[in-house]
1. Under 15 Å Cα to Cα from Lys114, which aspartates and glutamates show up? Leave out anything in the same chain fewer than 8 places away.
2. Give the distance, in whole Å, between the Cα centre of the stretch 269-284 and the Cα centre of the stretch 19-96.
3. For the peptides 88-98, 48-58, what is the packing order when you average, over each peptide's residues, the other Cβ atoms within 10 Å and list the highest mean first?
4. Please give the per residue volume of the convex hull enclosing the alpha carbon atoms of the stretch 26-85, rounded to a whole number of Å³.
5. If you take every residue apart from Val81 with its C-beta less than 13 Å away from the C-beta of Val81, what net charge results, scoring Lys and Arg +1 and Asp and Glu -1?
6. Quick one: which of 145-154, 414-423 comes out on top by average Cβ neighbours within 10 Å, and what's the full order, highest first?
7. Under 14 Å from the Cα of Lys408, which aspartates and glutamates turn up, not counting those fewer than eight places away in the same chain?
8. With no solvent and one point on each alpha carbon, what is the Debye value of log10 I(q)/I(0) for the stretch 184-242 at q = 0.15, 0.28 Å⁻¹?
Amino acid sequence: MPLKLKLSLVITVLLAVTVVLLSAMLLRQQQRTLTAEMVKRGLTIAQNLAASAKNPLVSDDELTLNLLVKEALKDPDVAYVAITDEKGKILAHSDVHRVGRGLERPAQLQPLGKELLVQTYEAAGDQNIIDFSVPLSFRQVPVGALYLGVSQRANVAALARARNNAIFVSVAMVLLGIGGAFALGSVLSRPISRLMEGTRAIADGNYAITLYVPSRDEIGALTHSFNEMAASLREKDAIKRAFTRYVAREVVTEILKDPDKIVLTGERREVTVLFCDVRGFTSISERLAPEQVVSLLNAFYTLMIDTTFKHDGTLDKFLGDGVMAVFGAPIFHADHTLRALRTALAMQEGIRELSARRAAEGKPPLKIGIGVNAGSAVAGSVGTEARMEYTVIGDSVNLASRLESYAKPGQILIAEHTYDIVKDAVEARSLGRLKVRGKEEELEVYEVLGVRGE
């Protein structure tokens, strides 16, 4: 059931219950007021009639007594009047046929004592009667009694009219309340509906949504929080899309889970840098059409990127017909050097498979040389506000590049420092000491042949 309908039903039910209870309370109050007024009026009639009947009663003036009864009956609410002597014999009655008989009273009425009695009972025909019993005495000597019955037909009719009016007003108020409740429900549910639509949009990957903040109440605060959440997700999505071009999607997800793991500002840290370059690419490209060159580079880059990402490396940059990859930054792994060498071996294996497929198609094969070096470097984002890139800078990076330039097709070269880190995990052979440009002393260089146990 929609929230708007739920709110409308709740408000309508509350309004209906309130109207019914209020109407019932007002009707009950009106009934009490009318009954009190009727008792007051009946008591006045009875007391006046009793005062007028004492002297005729003492003098046995039945004619006067009957005239008094007849006069009392002119009031439309008077149901009956009876005047008796001290023995209960009727001397005057609204029903003349009962004159001279003994007075018979309904069984549910209490007998008259020395005090005035006001009692209510239900007569034949469902008629409610207020009975006034007044003892008559002359100079403290009992001489008779007066009985006056006042019908509540007028009260019943007035209450019926009031009840009908109350029903009409209640129905009108409920109908108006339904309309008002529906309108109020629409107003209250509209921002919630917008939040639901926004949530669906977020679930569908649309983080660019921004909802209008309708008020400053709780719903407005909730909408504002939703917009902040959408902005945060939008920012994370932008970061994720940007980093996915350089690192594996799993690494991006890990970064977003725990941003404290990543440092994009400059910091010095231990990393392993890998340089890879296609040997003889210039001569190969000269024999190919431009479209074929682009296709070859795309196949090469795809292999390099997938292999780097598989071992949680970061693609630093493309270098024409080569790539530079970093391990240990921005996500640090204790075995980053071994990961880099596994990547280099996988790259060589991938190139051999790619070359075999190309050879089967009559195309020239590819061969690559790789240089890997571990050491301290400054890692961080460099550039301007308009364009920045994450990279590593330092002597260890330059050495990796120099090693790559010395590597023959199919070789993976590392320096002595890197070999010392992984010598227990890899198989390598020494190539002797080489004079490396930018280094005063010769360096011991090793060719990596494989990873032990793999």
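1. Straight-distance partners of Lys114: Asp85, Glu86.
2. 122
3. Result, highest mean first: 48-58, 88-98.
4. 74
5. Summing Lys/Arg as +1 and Asp/Glu as -1 gives -2.
6. Taking the mean over residues of other Cβ atoms within 10 Å, the ranking is 145-154, 414-423.
7. Asp277, Glu447
8. Results for the stretch 184-242 at q = 0.15, 0.28 Å⁻¹ read -0.45, -1.13.
Since every read-out is calculated from the coordinates, none of them should be taken as a lab result. Because the structure is a prediction, the values reported are computed rather than measured. We place every Cβ from the backbone using ideal geometry, glycine too, and count neighbours over all the protein chains shown.
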